[in-house]
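A short worksheet on the structure shown next.
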Amino acid sequence: MQKPVNIAFFGSSLVSAYWNGAATYYRGIIKTLHRLEYSITFYEPDIYERQANRDIDDPDYAKVVVYQPSKNDLGKCMNQALKADIIIKASGVGVFDQELEEEILKIRKPDQQIIFWDVDAPATLDRVINNSDDYFRKLIPQYDQILTYGGGKPVEEAYRLLGARDCTSIYNAFDPETHHVVKPQEEYVCDLAFLGNRLPDREKRVEQYFIEVARALPDKKFILGGSGWDNKALPDNIKYIGHVPTKDHNAFNCSPLAILNISRDSMASYGFSPATRVFEAAGAGACIISDAWNGISEFFKPQEEIIVAHSPANVKEVLKFLNKKRAREIGQAALEKAQNSHTYDHRARQLKTILQPKPSVV
């Protein structure tokens, strides 16, 4: 029997989606890799009150190691990671990112594969390209592989121009066991709902595509979910509900007439970067209205599987004429496309060709 491939994965959090939009992405990827007989240890720091706001207990598909945000605790984790066949460092861990990115390259063994997994590639690339002295610039060619949360050819080519040995986009997807159709819940019933944390490079687009649209349509009901919007001025027809736990995402997606997707500025500028929530909403059969970005048609067929709004005015027009029958048709088409092309099983087949330990050095 072939021995399982051991992976040490340093990321923001596997067990908490609190201020951590990558959580369900990590879960979907790692759960599927576990089925393929990879053995994963996930190292995450105890920061941002994530451990107090867990969505899940430690899963059976990974060993979770929570460390204190100290160099001593981090050092212990890195010593453990030396036993792994593959070490993966994700971007945006939240503490000691630079130290981790530098040190795992220094302590690597000849037979270890070292991977940088960028879950915010557009922001990383903009930072590095605009600052020739950025510490990460010299590290890029030293990694065996750069994986990205999205971005397609524009991001892959940009990384290669910076010296990456190879770069592959592993797109978001959905886990049918986690995200699926459920009965609508009254607390989430509305005409349009948006779920997303308040971030600087997203806020302006949320104002334009969601808040101002709500102001222009006072007879419609809107729901805003996500962290950080507590002190945002909102019209009376927007109900703010705060952080929405993962267990409630299906009800949140299935109850409104439509779900709004709004890209962050950096993601929209590079394109080919569908958010995790697009696939999760599609997996729940939601009618999705999305702002326009390059490459969207490679994932869902515009106006048939997803409604693409090229401006806030388009969102207003859609809401004026969208009815339940049409919303159900679009949601069903999105669900079928997601099931056929965008599950984590599809992504795992791509990953399996990449996550190969190096031959032992004799």
Distant-in-sequence amide H partners of Gly92 (H built 1.01 Å from N, under 5 Å):
none
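Rounded to two decimal places and with Rh computed the Kirkwood way over Cα pairs, what is Rg over Rh for the chain?
Details: Rg = 20.6 Å, Rh = 21.2 Å.
Computed over Cα atoms, the ratio is 0.97.
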Given pairs Lys63/Lys89; Lys89/Lys204; Lys183/Lys320; Lys204/Lys337; Lys89/Lys352 and cut-off 20 Å on Cα-Cα distance, the over-length ones are Lys89/Lys204; Lys183/Lys320; Lys204/Lys337
Could you tell me the largest-minus-smallest coordinate of the C-alpha atoms of the range 196-316 on each of the three principal axes, in descending order and whole angstroms?
37, 28, 27
For the chain, give the percent of accessible area contributed by carbon and sulfur heavy atoms, probe 1.4 Å, rounded to a whole number.
49 percent
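Taking a 1.4 Å probe, which of Arg326, Arg198 shows the most accessible area, and what order do the others take after it?
Arg326, Arg198
Are there any trypsin sites (Lys or Arg not before Pro) in the range 114-180 that are in a DSSP loop and have at most 15 other Cβ atoms within 10 Å? List them by number. Before the final figure, lay out each step's value.
Working: sites: Arg127, Arg137, Lys138, Arg160, Arg165; in loops: Arg165.
Taking the range 114-180 and a limit of 15 other Cβ atoms within 10 Å, the loop trypsin sites (Lys or Arg not before Pro) found are Arg165.
For Cα pairs less than 8 Å apart in space and 6+ apart in sequence, what is the mean separation divided by the residue count of the chain, i.e. the relative contact order in percent?
Numbers: 702 pairs, mean separation 57.6, N = 362.
With pairs under 8 Å counted, the relative contact order is 16 percent.
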Give the aspartates and glutamates whose C-alpha is closer than 15 Å to that of Lys239, dropping any in the same chain fewer than 8 places away, or say none.
Glu186, Glu187, Asp191, Glu207, Glu212, Asp219, Asp230
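Compute for the range 59-216: radius of gyration divided by Kirkwood radius, i.e. Rg/Rh, restricted to C-alpha atoms, rounded to two decimals. Mind showing how you got there, number by number?
Numbers: Rg = 19.6 Å, Rh = 18.8 Å.
Looking at the range 59-216, the ratio lands at 1.04.
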The answer for Val64, listing residues at least 5 apart or on another chain whose modeled amide H is closer than 5 Å to its amide H, is Phe42
The range 250-340 - percent relative contact order, Cα under 8 Å, separation 6 or more
33 percent
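Cα convex hull of the range 1-116: how many Å³ per residue?
94 Å³
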Counting only heavy atoms of protein chains, what accessible area per residue, in Å², does the chain have with a probe of 1.4 Å?
43 Å²
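Provide His346, His310, His180, His249 ordered by accessible surface of protein heavy atoms (probe 1.4 Å), highest first.
Values: His346 50, His310 135, His180 70, His249 15 Å².
I get His310, His180, His346, His249, largest accessible area first.
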Mind listing the long-range amide H neighbours of Phe174? Cut-off is under 5 Å, sequence gap 5 or more, other chains count too, H placed in the peptide plane at 1.01 Å from N.
Thr343, Tyr344
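Using only alpha carbon pairs under 8 Å that are at least six residues apart, calculate the relative contact order of the range 40-186 and give it in whole percent. It would help to have the intermediate numbers written out before the result.
On the way: 186 pairs, mean separation 23.7, N = 147.
It rounds to 16 percent for the range 40-186.
The values are calculated or read from the model by the stated rules, or taken from the named source; none is laboratory data. It should be emphasised that the depicted structure is a prediction, and the values quoted were computed from it without experimental measurement. Note that each Cβ is placed from the backbone with ideal geometry, even for glycine, and that neighbours are counted across all protein chains shown. Quick note on the areas: whole protein, heavy atoms, side chains included, nothing else; ligands and nucleic acids left out. Shrake-Rupley method; radii C 1.70, N 1.55, O 1.52, S 1.80 Å.
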